[in-house]
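*Asks:* Input: one structure, supplied below.
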Amino acid sequence: MSSIFSHHILDDYGLPRTVHCADLEVTDRVFNALNNMDFKLIDRDWEVWRDVFPPRVDLAALPTPVPFYQFQQTLLSAPPSAPPTTPASSVRALTPESPASGVEEDFEEEFLGAPPADTAYVLEELANRTTITTTFNPRSKTNQRRPFPGPGPKRERWTLRQRGYASKAARPETVEELQEQLQNTFYSRGGIKSTKNSYVRVAPSIFEGKDVLIEGRDSSLLCLILGDMPADLRQSLELSIETCMGARSSQPLLRPIQSPDKLAEFVTVHFSHYMRMGQDGYDAPRHVHPWFLKRTGVARTNHAQMTPYESKEMLDNFVEYDALCNALDQLRAHLGDLYFEIACYADEIPGRKASPCHPFAGFVLNFNIATKGHRDSKDLKACLVLPIGIFTGGELCLVEPGLVLPLRSGDVMVFPSCDITHFNLTYTGTRASLVCHSDRDGLKWVGNKMGWRGNSYLDDERA
């Protein structure tokens, strides 16, 4: 243990420096000390285990476990298969003390006073960002009202008409021309479009190789476009999506479209954590493990939905999910933490599972994507959209602010998907999109854990 964790951490949690994996009493203490933001494991019934659990005398006779640092050192110091072509590394071998006692002190000495890495990233991004402030008013009742009809033929006809209007959008070519329209002529004094069905197209040259932030009159987010993703990262994401999700289907999910009038089947795969059907614990007894509770008046109690739960697609496609997470790690390193306020849910997923698209809690893959007009009312604050493929068209259109955004493969955009109506123009070629989002109902878990805070079996450091 002392070769993995600092001795300060072990002392704070009252854990020993050495743990024999066969000693269940000690390993139980270790796992119980970990805070998982979930319900604790049921205490071991030692009356049941006593006959099969070896006494400490037998444990002492077992071979001495190999310390982790020795195992690591053996692997790293093995001779190479061929003479090295570069000088040997000057990094010293690990010792029992190096990852344990000195790690916190060394860290404090080296980095004390330096700004956090994420803060430094944000400051750098702000310095390279173009901000366009508009007179659009997101608080206007007209802009808050949904302009589209319910699902069905009427929604399709409404979207078809809007696509026609958006295809005739005004086309300013420079940042100055775009800002002139969005500040002076495009919106009325009340902050709504001067002409109901008008649109403005944001030329790709405006955001190519840089970040562009478009704000409302109250400095609220309309959209943030990140057009500076490296080509190798774009190609890596394309390859991951195409190979991973096509591997389990006799027909590839991503279909080439030859004509914008002949769209392929729209397929969506969700890799997300949800709390929409969550069962609260406001009236539950505080000293009974939730796994032993049963709801009255129903035939079955779904204990899996007492905490945020994984989507079915995540469980059914765990190999593909793992591969996509690896690709998203590269994307996360490129983006940094864009919206810290969204991370509150992602940081409290049970089991402390690390979200690959932090600060969002999950992601969705859309194949053959050309959406009809809609709002994602279940999203928390905003979503991140990243189109992937080789295509022409497919522009993302924001109805209330009247923006047409010709995102290319690998361009990233963040916008308030829950408040702004949006749709895609038709396209030719192959087109998918990666959408990172958080479930708005996840806020029920943040804070009082949907009524389970105060339960003696909830593993919550603030309980």
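*Asks:* Name every residue in the range 129-146 that is in a loop (DSSP other than H, G, I, E, B), surrounded by 15 or more Cβ atoms within 10 Å (Cβ to Cβ) and out of contact with any helix residue (DSSP H, G or I) (no Cβ under 7 Å at 6 or more places or on another chain), in order of residue number.
*Replies:* Of everything in the range 129-146, those that are in a loop (DSSP other than H, G, I, E, B), surrounded by 15 or more Cβ atoms within 10 Å (Cβ to Cβ) and out of contact with any helix residue (DSSP H, G or I) (no Cβ under 7 Å at 6 or more places or on another chain) turn out to be Phe136, Pro138, Ser140.
*Asks:* Here's a follow-up. Of the conditions (1) in a loop (DSSP other than H, G, I, E, B); (2) surrounded by 15 or more Cβ atoms within 10 Å (Cβ to Cβ); (3) modelled with pLDDT of 75 or more; (4) in contact with a Ser or Thr (Cβ under 9 Å, 6 or more places away or on another chain), Arg17 clears all except one; give me its number.
*Replies:* Only one criterion in (1) in a loop (DSSP other than H, G, I, E, B); (2) surrounded by 15 or more Cβ atoms within 10 Å (Cβ to Cβ); (3) modelled with pLDDT of 75 or more; (4) in contact with a Ser or Thr (Cβ under 9 Å, 6 or more places away or on another chain) is unmet by Arg17, namely (2).
*Asks:* I would also like to ask the following. Looking at the range 288-302, which of its residues are assigned to a helix (DSSP H, G or I) and either polar (S, T, N, Q) or touching a residue at least 24 places away in the same chain (Cβ under 8 Å) (or both)?
*Replies:* Pro290, Trp291
*Asks:* Additional query: Hey, among Leu160, Leu221, which residue is touching an Asp or Glu at 6+ places or on another chain (Cβ under 9 Å) and assigned by TED's automatic domain parsing to the domain that holds His374?
*Replies:* Leu221
*Asks:* Turning to a different aspect of this structure: Please go through the range 147-174 and pick out each residue that is in a helix (DSSP H, G or I), out of contact with any Pro (no Cβ under 8 Å at 6 or more places or on another chain) and modelled with pLDDT of 95 or more.
*Replies:* Of everything in the range 147-174, those that are in a helix (DSSP H, G or I), out of contact with any Pro (no Cβ under 8 Å at 6 or more places or on another chain) and modelled with pLDDT of 95 or more turn out to be Lys154, Arg157, Thr159, Leu160, Arg161, Gln162, Arg163, Gly164, Tyr165, Ala166, Ser167.
*Asks:* Could you list, in sequence order, the residues of the range 189-224 that are of a type in the set (Asp, Glu), assigned to a loop (DSSP other than H, G, I, E, B) and surrounded by 13 or more Cβ atoms within 10 Å (Cβ to Cβ)?
*Replies:* Result: Glu208, single match.
*Asks:* Need a quick list: strands (runs of 3 or more DSSP E) entirely within the range 350-412 having at least 3 residues that are at pLDDT 85 or above.
*Replies:* 383-393, 396-398, 403-405
The values are calculated or read from the model by the stated rules, or taken from the named source; none is laboratory data. Quantities reported herein were computed from a predicted structural model and do not represent experimental measurements. Cβ atoms come from the backbone with ideal geometry, glycine included; neighbour counts cover every protein chain shown.
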